Amino acid sequence: WWSEWFAERYLGWLAMLCTVVTVAVVMLMQRPRPSYMFNLSFFLMATFGMCTFVILTRLNKAEWVNLAMPILAIVLIVLIPHYYQEPNPGQISLTEEYNDTKPFARLMKGNNILVANFGLEFCHYVAYDECQTATYGDFKNNNPQNLSLPAWLDQNQINVIYVDKTIYADFQQYLTEIDPEQWKTAVNYQTPTKQWMLLTRSDNS
């Protein structure tokens, strides 16, 4: 197998080995996060495949496996369920939040924003990391002084509120507390299946 198979491919293996060396550097400089080590995963899978090929060749089973593997791969693609699932009606996806708010990105940049979900990702994708977020859950569950919403917004220097469909109904109870002279409604989207709002401070236009 060395002369007939590996010798013709040693440069490819050498190239993979060179990329694997960088994994140790990344682990020391950053952290051993799986998404930083795809090249190691690929190298290990290739090594496992080559070792399996050598064993099957010695057992004179390689030709049978060459015929069976494409069929097995197709069967696995068909039978193994995909990991992505559509959110339930009461949930929201990051894609949906992005599509809702991206046209109003200029209102987000450089501001502190109250959101319900995906705080970190919201700033990454919508405001290009030029914002800070606090969550509606922080106000509801991490408010030891039991501040009113306006007081809590002032304390956290919030100047944009994104009310997605997951908190739209619950948020209505606080609208009467918000000073309409201080806050203005940039968006109030309502359909039978979806509702969301975007509010900004009057000096943030």
Practice item. Let me have the 222 nm mean residue ellipticity of the chain computed from DSSP H runs of 4+ only, each contributing -39500 (n - 2.57), with the sum over all residues rounded to the nearest 500. Key: -14000 deg cm²/dmol
Exercise for review: Pairs to check: LYS140/LYS184; LYS140/LYS165; LYS109/LYS184; LYS102/LYS165. Give those whose C-alpha atoms are more than 20 Å from each other in this structure.
Suggested key: LYS140/LYS184
Study note, to complete from the structure: Taking a straight Cα-to-Cα line shorter than 19 Å from LYS194, and setting aside same-chain aspartates and glutamates fewer than 8 residues away, one finds GLU86, GLU96, GLU97, ASP100, ASP164, ASP170
Exercise for review: Using a Gaussian network model of the chain whose springs link C-alpha atoms within less than 10 Å, name the residue from GLU177, GLU63, GLU130 with the highest mean-square fluctuation.
Suggested key: GLU63
Point to revise | Among PHE48, PHE171, PHE122: highest mean-square fluctuation, GNM of the chain, C-alpha pairs under 10 Å | key: PHE48
Check your understanding: So how much slack lies between ASP179 and LEU79, counting 0.36 nm per residue of separation and subtracting their Cα-Cα distance, in nm?
Key -> 30.4 nm
Check your understanding: When only alpha-carbon atoms count, how far does the chain stretch along each of its three principal axes, as whole angstroms with the largest first?
Key -> 81, 41, 33
Exercise for review: Treat every Asp and Glu Cβ in the chain as -1 and every Lys and Arg Cβ as +1, leave all other atoms uncharged, and give the resulting dipole magnitude about the Cα centre to the nearest 20 debye.
Suggested key: 660
Exercise for review: Once you have a ≥ b ≥ c as the square roots of the Cα gyration tensor eigenvalues for the range 83-204, tell me rounded if a/c is under 1.5, and otherwise prolate or oblate according to whether a/b is larger than b/c.
Suggested key: rounded
Review point. Using a ≥ b ≥ c from the Cα gyration tensor of the range 128-167 (square roots of the eigenvalues), is it rounded, prolate or oblate, where a/c under 1.5 gives rounded and otherwise the larger of a/b and b/c decides, a/b for prolate?
Key: oblate
Study note, to complete from the structure: Of the residues LEU14, PRO103, VAL78, the Cα lying farthest along the dipole of the chain towards its positive end, which is defined by charges on the beta carbon of Lys, Arg, Asp and Glu, belongs to LEU14
Review point. What nm value, rounded to one decimal, do you get for the distance between GLU96 and LEU28 when each label is placed 7 Å out toward the C-beta?
Key: 4.7
Review point. How high is the relative contact order of the range 46-205, given as a whole-number percent (alpha carbon pairs under 8 Å, six or more residues apart)?
Key: 18
Practice item. Taking only Cα atoms and a 10 Å spring cutoff, compute GNM fluctuations for the chain and point out the largest among ASN159, ASN111, ASN142. Key: ASN142
**Study point:** Sequence-separation-based contact order of the range 1-125, relative, with Cα cut under 8 Å and 6+ spacing, percent
**Key:** 16
Review point. Can you list the equivalent-ellipsoid semi-axes of the range 1-104, largest first and in whole Å, using the square root of 5 times each Cα gyration tensor eigenvalue?
Key: 39, 25, 11
Check your understanding: Of all DSSP beta bridges located in the range 59-205, what percent are antiparallel, nearest 5?
Key -> 60
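Coordinate-derived values only; no laboratory data. Values in this document were obtained by computation on a predicted structure and should not be read as measured data. Cβ atoms come from the backbone with ideal geometry, glycine included; neighbour counts cover every protein chain shown.
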